[in-house]
1. Testing K526 on (1) of a type in the set (K, R); (2) at pLDDT below 85; (3) within 19 Å of H606 (Cβ to Cβ), one condition comes back false. Which one is that?
2. Test S233 against the criterion of being open to solvent by less than 30 Å² (accessible area, probe 1.4 Å) and modelled with pLDDT under 60, and give yes or no.
3. Regarding K526, is this residue touching a Ser or Thr at 6+ places or on another chain (Cβ under 9 Å) and touching a residue at least 40 places away in the same chain (Cβ under 8 Å)?
4. Does any residue of segment 520-529 turn out to be surrounded by 15 or more Cβ atoms within 10 Å (Cβ to Cβ) and over 21 Å from G608 (Cα atoms)?
5. Which condition number in (1) of a type in the set (G, A, S); (2) open to solvent by less than 10 Å² (accessible area, probe 1.4 Å); (3) not in a strand (DSSP E or B) is the one that G180 fails?
6. Filter segment 103-119 for residues that are among the aromatic types (F, W, Y) and open to solvent by less than 20 Å² (accessible area, probe 1.4 Å) and give the result.
7. Just to verify a result, which residue in segment 593-620, among those that are among the β-branched types (V, I, T) and surrounded by fewer than 20 Cβ atoms within 10 Å (Cβ to Cβ), is modelled with the lowest pLDDT?
8. Do any residues in segment 42-57 that are closer than 20 Å to E271 by Cβ have Cβ atoms under 7 Å from those of residues that are assigned to a helix (DSSP H, G or I) and not charged (D, E, K, R), where the two are at least six apart or on different chains, and which pairs are they?
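The values are calculated or read from the model by the stated rules, or taken from the named source; none is laboratory data. Model, not experiment: these values are computed from the prediction. All Cβ positions, glycine included, derive from the backbone under ideal geometry; neighbour counts span all protein chains shown. Just so you know, the surface numbers come from the protein's heavy atoms only, side chains and all, with ligands and any DNA or RNA stripped out. Shrake-Rupley method; radii C 1.70, N 1.55, O 1.52, S 1.80 Å.
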Amino acid sequence: MGSESKRKSLRRLVFTWFFFFTLVPLLALAFVVQNQYQKSINRQIKDRLTIHVRELESLFSKERSRLEQFLTKSLQDNSLIYYLSTLDPAALKATLADKISQYDQSEVKVYTHGGQVFVYFKEGFQTVHGEADLSLEIREELEQKNALHRVLFQTASNGQNILTLSIVRKIVGVQDRTVGYVETILPVGPKYLVSITEAIGADVVFFDGNGRILLGSLPTLDAELDQSTNFLSGQNNFFEFSVSGVPYAFMSTAIRWGELQFLIGMGSSKEAAEASIQKVKLMVLLTFLCFLIFLSLMSFYFVREVISPIEALIKASRNLKDAREAPYIPNHSKTEISDLVDAFNEMSGQIVASDQKMKNQLDLLEQANNKIKNTQTQLVQTAKLASLGELVAGIAHELNNPIGFIYSNIGHLKEYSQALFKIIDKTMINKNELDLLVVEEDYAYIKKDLPKLIQSCEEGSNRAKDIVLGLRNFSRADEEKTQAFDVNTGLDSTLKLLAGELKNRVLIRKDYNEVPKINCNINQMKQVFMNVLNNAIQAIEDQGDVFVHTEFLSDEKVVRIVVRDTGVGIEKDNVEKIFDPFYTTKSVGQGTGLGLSISYGIVKSHGGLISVESILGEGTTFTIDLPIYRE
């Protein structure tokens, strides 16, 4: 049951394998594919925005060059210096008109030496009034420099933010005297942003130095990003934010305007990319679901074709041992499992038939075994009777002595009883004759000798009773049950039965040690003792000794009985045959050859060992080891 509880279910293993080695890798693959595709889309957008940034940088570089060329050509015209010196606005406008048209200038301002606006062109020459003058700070800075670049964020009257990029240069007259200033301006407003967007194909956002969005080609800006660190460092920065719920990807960069720089961001809508990614996700999901359905069908097919037949085989195999008829498993599989099921059905039929045949054989063997047991019991009983036959003469002699005591004492008891009755009768008739009668019948001697006669009869009776009791116990049929048995007591009771065999020629020398009881069939063990001791006594032809020793071997937990005689011994070639049935060293008519053979079988059946050692002319030693009895 322990191994079955630890055994894993094949069905569970299949579904675990299906989940961990199919679904999990498939989900991981889908995640990786989707992630890589999204990274690829972002990489493509980033690469495209990088190109747009370079195009925009090139565009503003060209714009700056155009403005610088306009200024250079204008300052090379001496008439410009003259008309500004003479403060002739009409002539000055005529001089500038060709150059403004030639270099496509959007806005031009000409300042006097004091910094006041003298001529202002913006989609045509404008009347000068209220225009911002050129500050003293700028004029002083221009005294140190040839040109000054300006970047200004302004708010128009309509509330729109405008980025103004301009270049200011001083106009030097005779003797290097500053006569005025000219500023060409590039206004970056909504119209200009639309032209940039159309030219480049990307949206543009302008930031201030703190990363705040000020101007852009997008209609609505839903986020303000603090990217000032990256912007001011001039490094490209890729980021995303939402415009009216539409995801945009932007790349920011710093555009140089002379010694200044302003921050822009080139943006591209990710709506199409997100839609593409969603399509990829949907395709991956559909692929995953299709693959999942396919694997589920494969798993179902595998369970139906493989696992279910195997489970049926396992169930039928477990029920096979208790089945009276061969279990049959329906065969629906179309794989090699079909051959396995057919083989099992055929095998189970053969096993059930063999099992029935084996049960019949076991019945026959049990009957034969019972016959053998009965025969063995009869042989043991026969051996007992044979032993009794050998003991009859000695037992008769033993019984004759106590019976002789009793018989010889009966005559004296009869005389004593008659004398006592006579004394009693006379006393009842004539009490005066009592003293004379006591003397005549020798009452004093009768009183002294009668107890001795009774004690002698009692001893003889007890001795005869013990002999008869021993014979009855020895000849009793064996009982199957085992009991606790004291080896020393059993040896003593056996020696009492064999007392007639000693005939004052064999001396029994006992060396008993305290030993625990053994668990055995008492009558069978007494039969062993009888056979071994009787053989030892009969091996002594004249005078000799029989040594009986008992001890407990604690290491081996056995009781050892050693019986050694000083008889004639056994030849070396015959020692190995001593336990063979019907083998005997005695003369014809003195032994059946079954005693030691039966003893060997009894000891073996009790889990013990019996061995023999013999030296011809010196004697034989039998050693019996029996397991102890634990109470």
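1. The number of the failed condition is (2).
2. Values: open to solvent by less than 30 Å² (accessible area, probe 1.4 Å): no; modelled with pLDDT under 60: yes.
In short, no.
3. Taking the combined requirement at face value, the residue satisfies it.
4. no
5. (3)
6. Listed by number, the list holds a single entry, Y111.
7. Within segment 593-620, the match that is modelled with the lowest pLDDT is I615.
8. Listed pairs, sorted by first residue: I45/A273; H52/I200.
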